[in-house]
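Okay, so here's the structure we're looking at.
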Amino acid sequence: MNKSSFIIVGKHTVVEALKNPRRKVLRLFLTEESKKTINREYQKTNLLKDIKIHFKSKKELDKYTASDQIMHQGYVAEIEQLDNSILKDFIKENKRDLTFVCLDEVTDPRNIGSIIRSAASFKIDGLIVKERSFPDKSKLLYKAASGAMEYLNIFKVSNINTALKFLKNNNFWIYGFDTSAKKNFSEIQWNGNNVLMFGSEGFGMRPHTIKNSDFLVKININNKIESLNISNSAAIVFHYISYLKKNVK
């Protein structure tokens, strides 16, 4: 295995990687049935052209997922990382009505993968994460994202607060989501350039990150329930903002 390569598993995860012209798939491990499924579902686009395929039984493929307790569905691939997206360059090329999501100390790969899936589904412009703590080779993350890793700009930064200060200096409003906030997020118009800040699963945003937020907002829920899972919260917010952009002028 090449130094920069890693393993992903699952039908949607592997197929979307094969469909992405920017993604290099080094090796493909398939059952005979999964190969037939790909050929049947993608007859017009030969996804397997020039791909080195190794046929395996389901039991042989289990060794790639046993430690993570996830289902491979007969699809395993060795891939290389995509080229890094550069936040400064992206903003120069796309200056108006951008919406980024930023994760502060969110560590669970399944949660991050689910957030990526929702962000791509509702056309969020990019995800900002701390490079050192982002599990970018995690099978769990890729499986939870269900192929959405191929469709979302992911900006890895060395310091979250430095990135937030840069964004504020480039006409972005920073909205921190916090259960103690007084204003519901649906009271915001969501015009212009915005960053949606979500803190860690257990402790929320760090004090320094809160200081760099222009506004604190929350999702109003049943007061008998303490909080929502972060990936559920993010999906609600992404859908609402996507709806506003489509339907409100």
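The values are calculated or read from the model by the stated rules, or taken from the named source; none is laboratory data. Model, not experiment: these values are computed from the prediction. A quick note on method: Cβ atoms are made from the backbone with ideal geometry, for glycine too, and the neighbour counts reach across all protein chains shown.
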#### Entry: Filtered residue count, the stretch 210-223, keeping only those that are surrounded by 14 or more Cβ atoms within 10 Å (Cβ to Cβ) and modelled with pLDDT under 90
0
### Query
What about residue 182, is it of a type in the set (Lys, Arg), within 25 Å of residue 133 (Cα to Cα) and either modelled with pLDDT of 90 or more or not assigned by TED's automatic domain parsing to the domain that holds residue 114 (or both)?
no
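Being under 22 Å from the mean Cα position of the chain (by Cα) and part of a helix (DSSP H, G or I) is the requirement here; does residue 233 meet it?
Judged against the criteria, residue 233 is a match.
What about residue 93, is it surrounded by 13 or more Cβ atoms within 10 Å (Cβ to Cβ) and of a type in the set (Asp, Glu)?
no
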### Query
(1) hydrophobic (A, V, I, L, M, F, W, C); (2) surrounded by 13 or more Cβ atoms within 10 Å (Cβ to Cβ); (3) outside the structural domain of residue 202 (by TED's automatic domain parsing): which one isn't true of residue 145, the others all being true?
(3)
### Summary
Per the filter on the stretch 1-25, residues part of a helix (DSSP H, G or I) and at pLDDT below 95 are none
